[in-house]
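Down below is the structure, laid out as structure tokens.
The values are calculated or read from the model by the stated rules, or taken from the named source; none is laboratory data. All values reported here derive from a predicted model rather than from experimental measurement. Methodologically, a virtual Cβ is constructed for each residue, glycine included, from the backbone with ideal geometry; neighbour enumeration extends over all protein chains shown.
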Amino acid sequence: MPTPNAVPPLHGYLPSQAAHTYKAVGRCIYCGSTHQLSDEHIIPLGLGGRLVLPEASCSICSTKTSRFERTCLRTMYGPLRMLYDLPTRRKKGRPETLQLKVKRTEASEWEYVQVAQERYPFLITFPYFEAPGALTVVEKFEATGPVTQRLWIRGASPHHDFHELLQSLAEELGVHSLMPESKAEVSAFCSLLAKIAFSYTVAERGVAVERSGLASIALGENMQNCMHYIGSVEKDEPPSVFLHELSLGHHTRDDSILVRLRLLAKLGTPTYFVVVPSQTHRSMTE
Ligand SMILES: [Zn+2]
């Protein structure tokens, strides 16, 4: 029986990304291998990505990329994917109840209770960054690895005032307070951004396979120079009509390509920029 405050169904709330299959590459875009090639989903299928670059990733590299993709999809966007019914390879495995941290009385300790998936106060999290180091005019860029000072966190359902949702849920569960939790896997997320930008540039422009710093981040290997290539903008843009926003621009100063990327843009999420260095996008087109 539906509860008075039941969350309206959100299946179909998020628009689909227009499907597009690019020309097959015929070798691994990350390492150049021609062995056991598989198709690369530029944005993961689990986030509704439908841009496909065929025969573009070898088995070794796709094991590496799927590792951080899985981390992001499960820990950061897993609940959200349930809420919006985004694609999954194993739908049957989705739990009907999820655990939520609650305090029964003001004085009691935090504990976990099971809450039906339809009533769960899902959060969605994105890290904010500085502008990419490659775009800022500084004497010397200091390599730091993935860092964020600030997170974008929202209640995942667009139909609710999140505080009202929490309040009515606390009443319903008969608890004093509850604490929705979310995780930001910043390093895995940076690799995801790098992978999307890198494979998208290859798909659109054709790219020389070179072991660039960005490719190494896109494989989750060496994250040291991560913030040189990746950044976000300070100010949020209004929610998009598209599921994701992904586009290429030129950064003229040294001919690097600048990829603009906004995952789940329909939810009003932050905008990211990834710098694809010029030496990695030249020779295949020439
Ligand atoms: Zn490879």
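Please enumerate the residues belonging to the stretch 26-52 that are in contact (Cβ under 8 Å) with a residue 24 or more places away in the chain and more than 13 Å from the ligand (Cβ to nearest atom). Hits for the stretch 26-52 are 42, 43, 44, 45, 46, 47, 48, 49, 50, 51, 52. All of 59, 66 fail the test of being within 16 Å of the ligand (Cβ to nearest atom) and touching a Ser or Thr at 6+ places or on another chain (Cβ under 9 Å), apart from 59. Just one of the listed residues (84, 13, 77) is crowded, with 18+ Cβ neighbours inside 10 Å, of a type in the set (Ser, Thr, Tyr), modelled with pLDDT under 90 and in contact with a Phe, Trp or Tyr (Cβ under 7 Å, 6 or more places away or on another chain), and it is 84.
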